[in-house]
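Structure first, then comments.
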Amino acid sequence: MGGSLIDSHKRVHRSLRISVVDKCDLRCTYCMPEDQLFLPKKDLMTREEIETIARLFVERYGITKIRITGGEPLVRPDTVDIVRDLIALHVKVGITTNALSLHKHIDELIDAGLKSVNVSLDTFDAERFKKITRRDGFRIVHGNILLALERGLRVKVNMVVMRGVNDDELLRFVDLTREHDLHVRFIEFMPFAGNKWGRERVYTYSEMLGHIGSVHSFEKLDDDPHSTAKAYRVPGWKGTFAVISTVTEPFCGNCDRLRLTAEGKMRNCLFSRDETDLLTALRNGEDLAPLIEANVLGKHAMLGGLPQFKPECEEEVLHDLSTRPMVSIGG
Ligand code: SAM
Ligand code: SF4
């Protein structure tokens, strides 16, 4: 296959998301089923195994961006070391976190060379936060977003917008971009195993723009060709906002992303139903290259082969979903 990972739809892959742990200190209803079981430690990739696999993707296949995710990456004790190892591969490294313990690790993360952080926050109401995450923590997460900005990190705030749950808070999140140079991303609620998804619970991209546009005028910004988000700005405001419209306007045509679960299973799409066990192969001393290349060649044109998320396809989508909840894929 040569130096790049190119699939049968001619998409070149430059971005790898690595889940470092499937555990989490929150229990977001849209991400983790109540009865979720977690992997024993021996099944997780070790720090060294993560470095070995990542190095192969970078040095042999030209991956230029790695995002560390989970579960909650900061519940794993050696995540800062993993960040340091990956930065040493000379790629762009980011982390996606619920920020519940970011204040405990921020100095070390900055010291390791981290420049940006994506933080998930779905509400500004402490009681609602408890309902959505099944845990307490709004004040800490909000404080840690401000801390990350103070410390000079580039900050993106991810909000999963669900009809009847938090769709009345969009403007509050847009307001964040008035005073702060940060990037808010409104994510359409996506279907995963055990998250009680229904098309009627999705607050859509067009509804979001209509809602924001009823109060603010805003301008469209240029998007990176591989970006999952469509970006906007209220003229004169410091920050920007964007919508990730996976459900109503999927963006698979330019997808350049691959994924590795915490137990070393490679997935070529968030919605894949197939995965390739790289960790067992590594532990058996096998060559990973043919496995990686075959996995990429098997990538479907759209949504891991699911039908589009149109209302008439809802039953089929729910029937065909991968058995993994989001928390064990790594978003
Ligand atoms: N624990 C970290 C966090 O919450 O940022 C990282 C892992 S989390 C699975 C990664 C991202 O996936 C978060 O921004 C989360 O909001 C998003 N996510 C989880 N389930 C989702 C769903 N059903 N629809 C849309 N986004 C989802
Ligand atoms: Fe945990 Fe992130 Fe999933 Fe919430 S979205 S349960 S914080 S992994």
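The values are calculated or read from the model by the stated rules, or taken from the named source; none is laboratory data. Source: prediction; values computed, not measured. Every residue, glycine as well, gets a Cβ built from its backbone with ideal geometry; the counts of neighbours run over all protein chains shown. Surface areas here come from the heavy atoms of the whole protein model, side chains and all, with no ligands, DNA or RNA. Shrake-Rupley method; radii C 1.70, N 1.55, O 1.52, S 1.80 Å.
For region 43-60, putting each phi into the Karplus relation 6.51 cos²θ - 1.76 cosθ + 1.60 with θ = phi - 60° gives couplings of 8, 7, 5, 6, 4, 5, 5, 4, 5, 4, 5, 4, 4, 4, 4, 6, 7, 8 Hz, in residue order, rounded to whole numbers and with x for Gly and Pro.
Taking all protein chains as shown and a probe of 1.4 angstrom, residue 218 keeps an accessible surface of around 60 Å².
Rounded to the nearest whole angstrom, the semi-axes of the ellipsoid equivalent to region 5-328, taken from the Cα gyration tensor as √(5λ), stand at 29, 24, 20, largest first.
Here the Karplus curve 6.51 cos²θ - 1.76 cosθ + 1.60, taken at θ = phi - 60°, turns the phi angles of region 220-236 into couplings of 7, 9, 6, 9, 4, x, 9, 5, 8, 10, 9, 9, 9, 8, 7, x, x Hz, with x standing for Gly and Pro. Provide the per-residue ³J(HN,Hα) series for region 173-185, in order, calculated from phi with Karplus coefficients 6.51, -1.76, 1.60 and θ = phi - 60°, each as a whole number of Hz, with x at glycine and proline positions. After applying 6.51 cos²θ - 1.76 cosθ + 1.60, I find 6, 4, 4, 4, 7, 6, 9, 10, 7, 9, 10, 8, 10 Hz. Amide H contacts for residue 157 (H built 1.01 Å from N in the peptide plane; partners 5 or more residues away or on another chain; cut-off under 5 Å): 119, 183, 184, 185. The order of 47, 324 by accessible area, most exposed first and with a 1.4 Å probe, is 47, 324. Only the Cβ atoms of Lys and Arg (+1) and of Asp and Glu (-1) were treated as charged; on that basis the dipole of region 5-328 about its Cα centre amounts to roughly 380 debye. Ordering 131, 220 by accessible surface, largest first, gives 131, 220; the 1.4 Å probe counts only protein heavy atoms, with every chain in place.
Expressed as an acute angle from 0 to 90° and rounded to the nearest 10, what is the orientation of the C-alpha long axis of helix 138-150 relative to the principal long axis of the chain? The two axes meet at around 80 degrees. Here is how the number arises for the chain: DSSP H runs of 4 or more residues each give -39500 (n - 2.57), the sum is divided by the residue count, and the result at 222 nm is -8500 deg cm²/dmol.
Remark: accessible surface ordering of 217, 116 (largest first) is 217, 116, probe radius 1.4 Å. Residue 251 sits with roughly 50 Å² accessible to a 1.4 Å probe, with DNA, RNA and ligands left out of the calculation.
Full extension of the segment from residue 217 to residue 179, taken as 0.36 nm per residue of separation minus the current Cα-Cα distance, would add 12.0 nm.
Amide H contacts of residue 248: 205, each under 5 Å away and 5 or more positions distant or on a separate chain (H built 1.01 Å from N in the peptide plane; Pro and chain starts excluded).
Among residues other than residue 136 whose Cβ falls under 13 Å from its Cβ, what is the net charge (Lys/Arg +1, Asp/Glu -1)? Within the 13 Å Cβ shell, the charges total +4.
Amide H contacts of residue 277 (H built 1.01 Å from N, in plane; Pro and chain starts excluded): 266 sit under 5 Å, all sequence-distant by 5 or more or on other chains. The residues packed around residue 284, meaning those with a beta-carbon under 13 Å from its beta-carbon, carry a net charge of -3 if Lys and Arg are +1 and Asp and Glu are -1.
Applying a threshold of 27 Å to the alpha-carbon distances of 265/310; 115/196; 104/131; 10/65 flags 265/310; 115/196 as lying beyond it. For region 127-249, the square roots a ≥ b ≥ c of the C-alpha gyration tensor eigenvalues yield an a/c of 1.5 or more together with a/b not exceeding b/c, which makes the shape oblate.
The Cα center of region 291-330 and the Cα center of region 85-157 differ in position by 28 Å. The long axis of helix 102-112 is offset from the longest Cα principal axis of the chain by roughly 50 degrees. Counting only cysteine Cβ atoms and a cutoff under 4.7 Å, the chain contains unmatched residues 24, 252, 255, 269, 313.
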